[in-house]
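Trainee: My questions all concern the structure below.
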Amino acid sequence: MAPEPLSGVTRTALRIRLEWNSSLGDRAYHLGHHVRAAELYGRCADLAEMLGDVRAQAFALVGQAGSLLLVGRTTEAMVAVARALPGGPAEGPPEVVLDALGIWYDAARAIPAELPVIEGTHRMAEEFIRGNGLQDRRYVLLLQRANLHYDRGYVDEALALAREAWTLRRLSGRDAAYGTAHHLYQLVFYSGRAGDPASARKALADLERLRDADADGPLQRQEALLEARTEVAWGEGRHDEAVGFQTELLRLTPGRSGAPDRAGGTSVNLVWAQVVACRLWDARAGLIALSHLRHASPWEALAYRELLGEYHLSAARWILGLPPMGFDYQVPGPPVPPDPAWPRSAAEEARRARALYLLADRIGSRLDAKLRGRHSRDRLARRFKLLDELPL
């Protein structure tokens, strides 16, 4: 039996609730409260379904998917995208298809899916852009492609794609559109990791000049700025400043507590900064708080074991009187006097670091095979070289 049609009064009430919850969801998202945003967008999707508003339901589900992805709920994010586009990209509301495909692409990277699956999503998005006259949005795809190249270990190619995406963004007049702050941060990140500190500093200067004309909210701009300043500080050996930037970032974004890389009042990036700066007692407490990452997604499990390895390698260097060093940039900072109360010898710390890097290599080798890349192999090769060079 078909349901009775909604009365005009009921439809009006449902529409008001939909708009109110959508506004609350947008606000929660921009404040970094992504778990709450996902709940509110889910409520919007249900209300839109009751109204029979397919377009509003798709918008809400894409918003929910993006929020879920940011807190590590990747499978749920992909389910929300599938609900938003039940007939596939060709039958979805054009306004949301590109965002939906972008979330699907990022989710496939996060799993990660096999490389052909990820690249297939990219081709669908390219075809959608060409077929709908959306060439001014192609920079979004290029930036996602840059991220995939970095995941595969091709840093120079990632930087080239991020730069091409920035050129297209500017030519299309979208250099103040939503996502600009994060794009500039990625230029800082890839420039630094590719060994181009001058370009990293230039992108940081561009990011510092962003003002309220940019569509990103103040929180998004400040978050991108602190992450970018951390990268530049690491590249210049200012490791204590990097700790300060990450501490401030954690203070500014308490709503991100639902994310898997945060727990117990700390974050992976803050602990990484503490390890690089040789603040190992602080880092030890953070590593304990984040120990759940051992059983998280493959990327998070890999990052956690790498971080534990860095912790023990940094301790070995500290005990031997060597200066602290960022192991991605390999730029030494000011020496830090060793603490005689530290409970282990340099040799024992080096042994533990090597064991953890070997564990990381097992996970990383599987990821490299899936993505047909060399990311983990190259990173870990540099770590093993540093271990071999210790004067034990």
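No lab work stands behind these numbers, since they all come straight from the coordinates. None of these values were measured; they are calculated from a predicted model. Glycine also receives a Cβ, built like all others from the backbone with ideal geometry; neighbour counts cover every protein chain displayed.
Trainee: Starting with the fewest neighbours, write out ILE118, ILE16 ranked by other beta-carbon atoms found within 10 Å of each beta-carbon. Don't jump to the answer; show the numbers that get you there.
Mentor: Numbers: ILE118 23, ILE16 11.
With the sparsest Cβ surroundings first, the list reads ILE16, ILE118.
Trainee: Cβ under 15 Å from HIS292's Cβ, HIS292 left aside: what net charge do those residues give with Lys, Arg +1 and Asp, Glu -1?
Mentor: On the way: positive: ARG73, ARG262, ARG294, ARG305; negative: ASP261, GLU300.
With Lys, Arg at +1 and Asp, Glu at -1, the neighbours total +2.
Trainee: While we're on this one: Provide the net charge surrounding ALA107, with neighbours chosen by a C-beta distance below 15 Å and charges set as Lys +1, Arg +1, Asp -1, Glu -1. Numbers along the way, then the final one.
Mentor: Numbers: positive: ARG73, ARG83, ARG109, LYS370; negative: GLU76, ASP99, ASP106, GLU114, GLU119, ASP151, GLU300.
After counting each charged neighbour, the total is -3.
Trainee: Is the range 236-392 best put as rounded, prolate or oblate by its Cα gyration tensor, with a ≥ b ≥ c the root eigenvalues, rounded for a/c under 1.5, and otherwise prolate when a/b is larger than b/c, oblate when not?
Mentor: On the way: a/c = 1.61, a/b = 1.06, b/c = 1.52.
Here the range 236-392 falls in the oblate category.
Trainee: Also, I was wondering about something else. Hey, what did the range 1-76 get for relative contact order, percent, Cα under 8 Å, at least 6 apart?
Mentor: Values: 75 pairs, mean separation 20.9, N = 76.
RCO, the range 1-76: 27 percent.
Trainee: Among ALA194, TYR41, GLY373, which residue has its Cα furthest toward the positive end of the charge dipole of the chain, with +1 on Lys/Arg Cβ and -1 on Asp/Glu Cβ?
Mentor: Toward the positive end, the furthest listed residue is GLY373.
Trainee: If you don't mind, another one. So what is the calculated 222 nm ellipticity per residue for the chain, using -39500 (n - 2.57) for each DSSP H run with n of 4 or more, over all residues, to the nearest 500 deg cm²/dmol? Kindly include the intermediate steps, with their values, before the conclusion.
Mentor: Details: 17 runs with 274 residues, N = 392.
Result for the chain, helices only: -23000 deg cm²/dmol.
Trainee: Additional query: Rounded, prolate or oblate: which fits the chain, taking a ≥ b ≥ c as square roots of the Cα gyration tensor eigenvalues, rounded meaning a/c under 1.5, else prolate when a/b beats b/c?
Mentor: prolate
Trainee: Arrange the peptides 288-301, 52-65 so that the one whose residues have, on average, the most other Cβ atoms within 10 Å appears first.
Mentor: On the way: 288-301: 16.0, 52-65: 22.6.
Per-residue Cβ counts within 10 Å, averaged per peptide and sorted highest first, yield 52-65, 288-301.
Trainee: In addition: Compute the acute angle (0 to 90°) between the alpha-carbon long axis of helix 155-171 and the principal axis of greatest extent of the alpha-carbon atoms of the chain; round to the nearest 10°.
Mentor: 40 degrees
Trainee: Let me check I've understood the local charge: for LYS202, count other residues with C-beta under 12 angstrom from its C-beta, Lys and Arg +1, Asp and Glu -1. What total comes out?
Mentor: On the way: positive: ARG163, ARG201, ARG209; negative: ASP196, ASP206, GLU208.
Combined, the nearby Lys, Arg, Asp and Glu give 0.
Trainee: Checking the a/c ratio against 1.5 first, then a/b against b/c, what shape does the Cα gyration tensor give for the range 8-107?
Mentor: Details: a/c = 2.28, a/b = 1.23, b/c = 1.85.
Because a/c hits 1.5 or more and a/b fails to exceed b/c, the range 8-107 counts as oblate.
Trainee: Next question. Roughly how tilted is helix 298-319, in degrees to the nearest 10 and between 0 and 90, from the longest Cα axis of the chain?
Mentor: Orientation of helix 298-319: about 20 degrees from the principal axis.
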